[in-house]
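Engineer: One structure, pasted below without further comment.
The values are calculated or read from the model by the stated rules, or taken from the named source; none is laboratory data. These figures come from a predicted structure and were not determined experimentally. Every residue, glycine as well, gets a Cβ built from its backbone with ideal geometry; the counts of neighbours run over all protein chains shown. Accessible surface is based on the protein model in full, side chains and every heavy atom, while ligands, DNA and RNA are left aside. Shrake-Rupley method; radii C 1.70, N 1.55, O 1.52, S 1.80 Å.
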Amino acid sequence: MMPKKEVVSTFQMHLLLYIGIISTGILTLPAPLYYYAQQNMWLSLFIGSIAGYVIILINVFFYKTFPRKNITEITTQLLGKFFGRLILLIMIALLIFQAVYTIKEYQIYLSVGFYQFTSPFVIIGFMMLVCAYASKKGIEVIGRSAQIILPFMLLFYLSVSLLITPEVSLSNMLPVLEKGVMPPIKGAILVAAWFSEFFWISFCLTSLTGPPKKILKHGFLSVFLTTLSLLVFFVIDICVLGNYTGQTLYPTHLVERYIQIGTFIERVSAFFMSVWVLGVFIKLAFLCFVIIQSSSQLFHISNYRYLIIPIIMMIFFLSLSLFNSTQSLLVIGFPLLIIACQIGNVFIPITLFFIALLKVKMGKQQL
Amino acid sequence: MMNWLRKKKEKNHSKDKIYNDHKKVSDRLADSEHILRQAYSKSSDIVIKSFTFGKNMRTQALLIYLSGTVDVVQIDEHVLKSLHLLNDQENDLESIKNALTVPEIIEVNHFDRIYHEISNGHPVLFIDHLPLALSLGLSKWATRQVEDSSTETVIRGPKEGFVESLETNTSLIRKRIRTPRLKIEQIIVGKYSRTPVVISYIDGLCDPSLVEEIVHRIKKIAMDGIFESGMIQEQIQDAQWSPFPTIFSTERPDSFCGALIEGRAGILIDGSPFALILPSTFFMFFSSPEDYYSGFIIGTAIRLLRISFLFIALLGPSLYVAVTTFHQEMIPTTLLISIAQSHEQVPFPTVVEAILMEVTFEALREAGLRLPRQVGPAISIVGALVIGQAAIQASLVSPLMVIVVAITAIASFMIPHYDASNTVRLLRFPIILLTSMFGLLGIIFSVIAILIHLCSLRSFGVPYLEPLAPFKKAGSIDTLIRGPLWKMNIRPHFTGTLWNKKRSGK
Amino acid sequence: MNLNLYLGSRIKLISNLLLIFMLISSLQACADLKEINNIAIVTATGIDMNNEGKIEVTIQLFLPQTPSMSSQSPSQINQFAVLTSTGDTISEAVNNIEKRISRQLFRGHDRAIIIGEKMASKHMNDILDYCIRFREIRERSYLFVTKESAPKLLQYEPFMEKNSGEVLSKYVKKDGNLSMTLKDTIVMRTNPSHSYIIPMVAILNPTKKGEHQILKITQSALFSHGKMVGTMSNNLTYGQQILNHKFWQTVFSLKFKKDPGKVGINIQNVKAKITPIIHNGQWTIHAHITGDEVIFENTTHWSTTNLKTAERVEHAVGRIVSGTIRKSVRKSQKVKSDVFDFYNTFYRKYPSECLKVEKNWSDVYPTIDVKVTTNFHLIHSGIAQ
């Protein structure tokens, strides 16, 4: 019996990305962004989010022009068998790198902040275990989990940002653009890397239901909400920590540690960590699913579930062996991540888009 | 070895032979009597009464029934007396049937069917020269009175509960849904028990494919006997390896009828007061019928309280373990100091303490359930001593642990559905173990695993967490909250194409 | 197709292996478990330098003793212990303490960090770096400087709270006292002259018989470039607090020329509007202070209901406040410690000018002129007329 086709609504799909992007975005993005743009990092956020809108448009274009096809099939159709597969291989490799980086981000945050002595083997292992379980159950289940997690996450983040307001001094946001527009634009490149993750949707176009208009609507809405959510935390970080934002690894972690209401709501950081882990789980489960599904399409394996264990094991051992210190993750890993995101999620898609557009214009492409 | 097997097979076969299950009733009364006497040999409760009637008393007849299952007075009144009044010429089937003043007469002609009728308490009448028997609906079983449901109690709401008799139960449903659209289909299950199982639904609201699927699954059950709806539930539910119940069982006719009106189907079995409702979703297990009777503001408040205590029931002891052994910075200083002071004399690590207390509590609960009612209070006194004052004074556990266990116990009793509360109790233990190794991270990974599992569950094709994930706006006001009744005007859509969307007002 | 079959047959085996794998890994997992019986809860830390130039760390530990049911009440038991050790670095000294005790130190509840004057005047950066780097120490820990020895302060047995750490953490939250948490300090330190202000505490001996020893904030220490460069009296600290928007309320007493009596006045709800101006190379701060006053006490012969009195009082308060602010700025300018955060105030309005002088801000800071205007308002005078 063939398994029933799994479908997710456009809302669930964009929810996955929203949760994934803000989870890692609020924790690891502010510090490097502050280095480039200082208190103007909110401007970088807005400039960077343009990448998100562009990628949503590309997603919609692919969905509309190639109905019932994933980016894997579209690529081979556009570039031919050999080049298409080559490009796909590169894209999947870059996705694996993004997954490894996210896992390391998660593991190093936990090791530095909470579990000093627990071996990374266990911390990563457990995450990989639940990701494998989620990938086995499929995109539908991941989408539903995201729907359940969302209200808890939003409620918690909202209360964190409300509880810290007594410490906020808005004057830290000034001056605006004292060093010209270049610093925020430099910062926008980092932000765009985060927003480029919306391209992962293209790997699951066949699981989507609904008209292209709905993808456009939900996509733009989710990009906007992502911008807004990140903005809240960036502003809070700057307003509480001022110039110190750039000198600590996790400014948001520090801010959330500083919450104190009376003598009973204080030191909520372990709860913050738990909720954050929930978000990272959604991101990783989706990313692992995308990698596994696209590899199975690349290698023509009928059931993607056969690839779960080999690929999860590969990511597991890669993340155990790469970037074993905060320094290497920040100095080597972070720039590589930006490059990987910009190539895999921005450059290649845009190129594919133009090739497809050309072929459509020349009438070679059957719609 | 093979010989021995073959022999056994034959032996079994020959044993079945004397019951003549598939034989038809012959027109010779003596043959039928022989078969019946053979079949019901060594049964002291069988009554086989042969008599003659008609003019000259020439027509021979045989009445067979199980004593204690039939209404003897009515047999005398409506069968024996009526037949005696018949004329000689009128001994054909039609006139006999007319003569019998019994409302329910069924013609049966196979012996397996006859056995079934006899077991159901229907006296069976054989008449010479007729190649069939008549089953008379004159059964009279000893049944319990309809009384208050003992497992799902409410303050406000009907006090009637299902009983063991299927007829009474269906009448309770008919009493509430007064339309011929209410269908009650019967299937016989169990090789020896021959239990009547009834599928009940409302035509036009319930998707026909759902009913088909239920019938299909029930027919697949191969068991010798079915005595409780739980035995059916276990065999027809989708995820048989899941600790979560995916079929809702209820003892209350009002919950049952409420579910039918929503377009669900119900299963009742003879001999069990527990009816099954399907498809059933997660939030059904955490709502009580009283939520709908006490106004939506109160209903919502109570539901929110219940859901928040669900988390405590599941995670309470684990949170305590996580916070006191991994994340001590989270506890306010003065509380930490008093915990440290009280824990100084305790010989066990916190996790051992927690598991010890939880297991003791579960044992006490189980003991209290199984004890005869008269000894029940003894257990509560012993329990209060064991997990209360004495354990603290002996420094076996810290006082705070006792408080945590007590709150967890209260929280687990707040879950309205017994099956669901058992699941929560069971899941608590692996979470405690995982937490003792990883702190809050252990809790989070357990929660994630449970979440993935819940999201992947389906009950007869319907996602288990339905109105929330996948999100359905219309249904979502009856999940964590209980919206006003006038807002619940869209019937939930389960599977298939039939969806009677609007709940009509008039 | 072959590959599919191969993988299909192996999938059970692999998943079983994975499970065993995970079980084994979980056995070595409890590494971060801190049983509550195995931690020593630190309630306050003292950091000082001894005469040989070594760093001396003192910690105040909570002693968990079960109050026995029958005998003496728990208040009579000494509930804390103080331990001291030395080392070349702070972490080494802490490690030396940890080596001497049976339990693991737990500093998640460390509320006060007391720094000896000797240490403060030389190695303040070491302390801040250590504290902010170590994950257990909270950013809400309060910092103090003392002229006395840190162990003595930690050994002080208060008459109202359990230990001196708790006294200090509650004391600084009260009105009028300067409170600097670790986070406040490191955020303030980011200005170009790396200056910040930390309250100084001392134990005051009783002046009369029957009184208790008390722990009190006596003055404030001014820091610049990681060194303690001067002190400021409590009264002048009000000026710093007002300009940093951290002032809550306090009581002043007013004397008048025309009358022998005095007025006790409470000022509250003080707000400061600070405008930086650079004009012809002269850097000026215009501070406009507004606030409310309440008369607590009046021994003059003027009636408090008289509008003229209100005017007199408002005027006098304005004089006192502006005087305090001016004196306090002058005091800090003398030691070149920008505890008013003037750099950032200017930077927000004149970024390019500020960037030019960022390197030699310590030289520019003393030249800044401060102009104070006040507008205080008498809101009521108690329930008497």
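Engineer: Restricting attention to region C:331-355, report how many residues are out of contact with any Asp or Glu (no Cβ under 6 Å at 6 or more places or on another chain) and either within 14 Å of chain A (Cβ to nearest Cβ) or without any contact (Cβ under 8 Å) to a residue 40 or more places away in the chain (or both).
Structural biologist: So the count comes out to 17.
Engineer: Scan region B:328-348 residue by residue and report those that are surrounded by fewer than 16 Cβ atoms within 10 Å (Cβ to Cβ), in contact (Cβ under 8 Å) with a residue 12 or more places away in the chain and at the interface with another protein chain (Cβ under 7 Å from one of its Cβ atoms).
Structural biologist: B:345 - this is the single residue of region B:328-348 that is surrounded by fewer than 16 Cβ atoms within 10 Å (Cβ to Cβ), in contact (Cβ under 8 Å) with a residue 12 or more places away in the chain and at the interface with another protein chain (Cβ under 7 Å from one of its Cβ atoms).
Engineer: If you don't mind, there's one more thing I want to ask. Inspect all residues belonging to region C:86-105 and state whether any of them is open to solvent by 20 Å² or more (accessible area, probe 1.4 Å), modelled with pLDDT under 85, part of a loop (DSSP other than H, G, I, E, B) and over 18 Å from residue C:144 (Cα atoms).
Structural biologist: no
Engineer: What pairs can you find where one residue is in region B:45-74 and open to solvent by 30 Å² or more (accessible area, probe 1.4 Å), the other is assigned to a helix (DSSP H, G or I), and their Cβ atoms are less than 6 Å apart, with a gap of 6+ or different chains?
Structural biologist: As it stands, the answer is B:60/B:29, since those pairs meet every condition given.
Engineer: Counting only residues that are acidic (Asp, Glu), closer than 30 Å to residue B:51 by Cβ and open to solvent by 60 Å² or more (accessible area, probe 1.4 Å), how many does region B:113-168 have?
Structural biologist: Residues meeting the conditions: 1.
Engineer: Can you pull out the residues in region A:283-312 that are in a helix (DSSP H, G or I) and either acidic (Asp, Glu) or more than 21 Å from the chain's Cα centre (by Cα) (or both)?
Structural biologist: Within region A:283-312, A:296, A:297, A:298, A:304, A:305, A:306, A:307, A:309, A:310 qualify.
Engineer: Where in region B:364-478 are there helices (runs of 4 or more DSSP H), lying wholly inside it, with at least 3 residues that are within 14 Å of chain A (Cβ to nearest Cβ), in contact with a Ser or Thr (Cβ under 8 Å, 6 or more places away or on another chain) and under 24 Å from residue B:305 (Cα atoms)?
Structural biologist: B:440-456
Engineer: Every residue in region C:157-168 that is surrounded by 19 or more Cβ atoms within 10 Å (Cβ to Cβ) and part of a loop (DSSP other than H, G, I, E, B), please.
Structural biologist: Passing the criteria: only C:163.
Engineer: Also, I was wondering about something else. Going through region C:132-154 one residue at a time, which ones are closer than 16 Å to residue C:205 by Cα and either surrounded by fewer than 19 Cβ atoms within 10 Å (Cβ to Cβ) or of a type outside the set (A, V, I, L, M) (or both)?
Structural biologist: If the condition is that a residue be closer than 16 Å to residue C:205 by Cα and either surrounded by fewer than 19 Cβ atoms within 10 Å (Cβ to Cβ) or of a type outside the set (A, V, I, L, M) (or both), then C:146, C:147, C:148, C:149, C:152 are the ones that fit.
Engineer: Could you list, in sequence order, the residues of region B:455-464 that are over 15 Å from residue A:15 (Cβ atoms) and not polar (S, T, N, Q)?
Structural biologist: B:457, B:458, B:460, B:461, B:462, B:463, B:464
Engineer: Looking only at region A:19-46, which residues are closer than 17 Å to residue A:197 by Cβ and open to solvent by 10 Å² or more (accessible area, probe 1.4 Å)?
Structural biologist: Within region A:19-46, A:28, A:32 qualify.
Engineer: Between A:135, A:161, A:111, A:171, which is more than 14 Å from chain C (Cβ to nearest Cβ), of a type in the set (Ser, Thr, Tyr) and part of a helix (DSSP H, G or I)?
Structural biologist: From the options A:135, A:161, A:111, A:171, the qualifying one is A:161.
Engineer: Would you point out the residue of region A:114-132, among those that are of a type in the set (A, V, I, L, M, F, W, C) and not in a helix (DSSP H, G or I), that is farthest from the other protein chains (Cβ to nearest Cβ)?
Structural biologist: A:114
Engineer: Would you pick out the residues in region B:287-303 that are among the small types (Gly, Ala, Ser), surrounded by fewer than 17 Cβ atoms within 10 Å (Cβ to Cβ) and farther than 14 Å from residue B:156 by Cα?
Structural biologist: B:301, the sole residue that qualifies.
Engineer: Could you list, ordered by first residue, the pairs with Cβ atoms under 6 Å in which the first is in region A:141-158 and more than 10 Å from chain B (Cβ to nearest Cβ) and the second is surrounded by fewer than 24 Cβ atoms within 10 Å (Cβ to Cβ) and not hydroxyl-bearing (Ser, Thr, Tyr), at least 6 apart or interchain?
Structural biologist: That search, which allows pairs on different chains as well, returns A:153/A:275; A:156/A:275.
Engineer: Within region B:130-144, track down each residue that is more than 18 Å from residue B:61 (Cα to Cα) and not in a loop (DSSP other than H, G, I, E, B).
Structural biologist: B:139
Engineer: Out of (1) in contact (Cβ under 8 Å) with a residue 60 or more places away in the chain; (2) in a strand (DSSP E or B), the odd one out for residue B:277 is which?
Structural biologist: (1)
Engineer: Tell me which of these residue A:267 doesn't satisfy, since it passes every other one: (1) among the charged types (D, E, K, R); (2) more than 14 Å from chain C (Cβ to nearest Cβ); (3) closer than 24 Å to residue C:185 by Cα.
Structural biologist: (2)
Engineer: Out of curiosity, is residue A:208 crowded, with 17+ Cβ neighbours inside 10 Å, more than 29 Å from residue A:272 (Cα to Cα) and either modelled with pLDDT of 90 or more or away from every other protein chain (no Cβ under 14 Å) (or both)?
Structural biologist: Against the criterion (crowded, with 17+ Cβ neighbours inside 10 Å, more than 29 Å from residue A:272 (Cα to Cα) and either modelled with pLDDT of 90 or more or away from every other protein chain (no Cβ under 14 Å) (or both)), residue A:208 does not qualify.
Engineer: Which one is surrounded by the fewest Cβ atoms within 10 Å (Cβ to Cβ) among residues in region C:169-193 that are over 14 Å from residue C:143 (Cα atoms) and free of Cβ contacts under 8 Å to residues at least 40 places away in the same chain?
Structural biologist: So the residue we want is C:174.
Engineer: When you look at residue A:336, is it modelled with pLDDT of 90 or more, open to solvent by less than 60 Å² (accessible area, probe 1.4 Å) and more than 14 Å from chain C (Cβ to nearest Cβ), yes or no?
Structural biologist: Spelling it out, it is not the case that residue A:336 is modelled with pLDDT of 90 or more, open to solvent by less than 60 Å² (accessible area, probe 1.4 Å) and more than 14 Å from chain C (Cβ to nearest Cβ).
Engineer: Also, quick follow-up: Restricting to region C:288-312, what's the tally of residues that are under 24 Å from residue C:271 (Cβ atoms) and either part of a strand (DSSP E or B) or not assigned by the TED database to the domain that holds residue C:379 (or both)?
Structural biologist: Summing the residues that are under 24 Å from residue C:271 (Cβ atoms) and either part of a strand (DSSP E or B) or not assigned by the TED database to the domain that holds residue C:379 (or both) in region C:288-312 gives 9.
Engineer: Residue by residue through region B:479-506, note down the ones that are among the aliphatic types (A, V, I, L, M), buried (at least 17 other Cβ atoms within 10 Å of the Cβ) and more than 14 Å from chain A (Cβ to nearest Cβ).
Structural biologist: B:488
Engineer: Can you tell me which condition residue A:58 does not meet? The list is (1) within 30 Å of residue A:300 (Cβ to Cβ); (2) open to solvent by 20 Å² or more (accessible area, probe 1.4 Å), and all the others hold.
Structural biologist: Failing condition for residue A:58: (2).
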